[in-house]
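Working notes, structure below.
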Amino acid sequence: VPGTGKTWIRKKVQKNMERDVIMKIVTFHPASTYEEFVGGIFPSNKTGELLFKYQEGVLTRFANDAMADIKMDYILFIDEINRANIPLVMGELLTIIESTKRTSPCSGKTALNDGPTPEEGNPWEVVVHVENDDSKSKYLRLPSNLYILATMNTSDRSVISMDAALRRRFAYYRIDTKLTENGRDEMRAALKKSWWGDNQDTFD
């Protein structure tokens, strides 16, 4: 629920990872699209001529960085994940975000590849862009050092509900507010300790 420290926990997760972490933050909203998150065709005018080319999305660019870096972990933090149309925005990523379908990072390689066949030993790739020439189609895989951390506000009724296919791919942790009758004493003790430290018994 709002105000329970979701952002604070994000920072604690980053701090307590076993290896150094690079984190990227993206916020979903009702207008979020697959093309922005994964990739798609966008107009380009770099050469003075209007062309339509495939451009990588936020996730793909971040996955490329993670794939080439064997020394660090990467966390993609998605804030308000349930504000977007998840099946539309994530598409076939539901297949490859599972831990058993990840690829080991390797220097000099990228997460997004061209070519009609998966790399030997890494069968878990999904087609994210198709062209008439299969050698120009785009295939995406996700490295094992890329983690997806997301938050959602369950009390907001204007958001999209999470379907079972996505829910089973995440570990869920509910963060309840202490601003209730049941949590009042715990909240009061925490505030006293934060404000007055060892002298808290002096105050009431």
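The values are calculated or read from the model by the stated rules, or taken from the named source; none is laboratory data. All figures in this text were calculated on a predicted structure; none of them were measured in a lab. No Cβ is skipped: glycine too gets one built from the backbone with ideal geometry, and neighbour counts run over all protein chains shown. Please note that ligands, DNA and RNA were not included when accessible areas were found on the heavy atoms of the full protein model with its side chains. Shrake-Rupley method; radii C 1.70, N 1.55, O 1.52, S 1.80 Å.
Condition check ((1) among the acidic types (Asp, Glu); (2) in contact with a strand residue (DSSP E or B) (Cβ under 7 Å, 6 or more places away or on another chain); (3) open to solvent by 70 Å² or more (accessible area, probe 1.4 Å)) across all residues:
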{"position": "9", "(1), (2), (3)": "no, no, no"}
{"position": "13", "(1), (2), (3)": "no, yes, no"}
{"position": "18", "(1), (2), (3)": "yes, no, yes"}
{"position": "42", "(1), (2), (3)": "no, yes, no"}
{"position": "49", "(1), (2), (3)": "yes, no, yes"}
{"position": "56", "(1), (2), (3)": "yes, yes, yes"}
{"position": "61", "(1), (2), (3)": "no, no, yes"}
{"position": "70", "(1), (2), (3)": "no, no, yes"}
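When residue 86 is tested against (1) surrounded by 17 or more Cβ atoms within 10 Å (Cβ to Cβ); (2) in contact with a strand residue (DSSP E or B) (Cβ under 7 Å, 6 or more places away or on another chain); (3) closer than 21 Å to residue 162 by Cα; (4) not hydroxyl-bearing (Ser, Thr, Tyr), only condition (2) is not met. Among the candidates 28, 52, the residue that is hydrophobic (A, V, I, L, M, F, W, C) and farther than 16 Å from residue 150 by Cα is uniquely 52.
Restricting segment 95-109 to residues that are open to solvent by 40 Å² or more (accessible area, probe 1.4 Å) and among the polar types (S, T, N, Q), the residue that is farthest from residue 165 (Cα to Cα) is 107.
For segment 20-40, give me each residue that is aliphatic (A, V, I, L, M), within 16 Å of residue 152 (Cβ to Cβ) and open to solvent by 40 Å² or more (accessible area, probe 1.4 Å).
Hit for segment 20-40 is 25, nothing else.
When 75, 22, 41 are checked against the criterion of being more than 18 Å from residue 90 (Cα to Cα) and aliphatic (A, V, I, L, M), 22 stands alone in meeting it.
Would it be correct to say that residue 75 is within 22 Å of residue 136 (Cβ to Cβ) and open to solvent by less than 50 Å² (accessible area, probe 1.4 Å)? Taking the combined requirement at face value, the residue does not satisfy it.
Of all residues in segment 162-175, those that are more than 17 Å from residue 100 (Cβ to Cβ) have Cβ atoms under 8 Å from Cβ atoms of residues that are of a type in the set (S, T, N, Q) and assigned to a loop (DSSP other than H, G, I, E, B), 6 or more apart or on another chain, in 174/154; 175/4.
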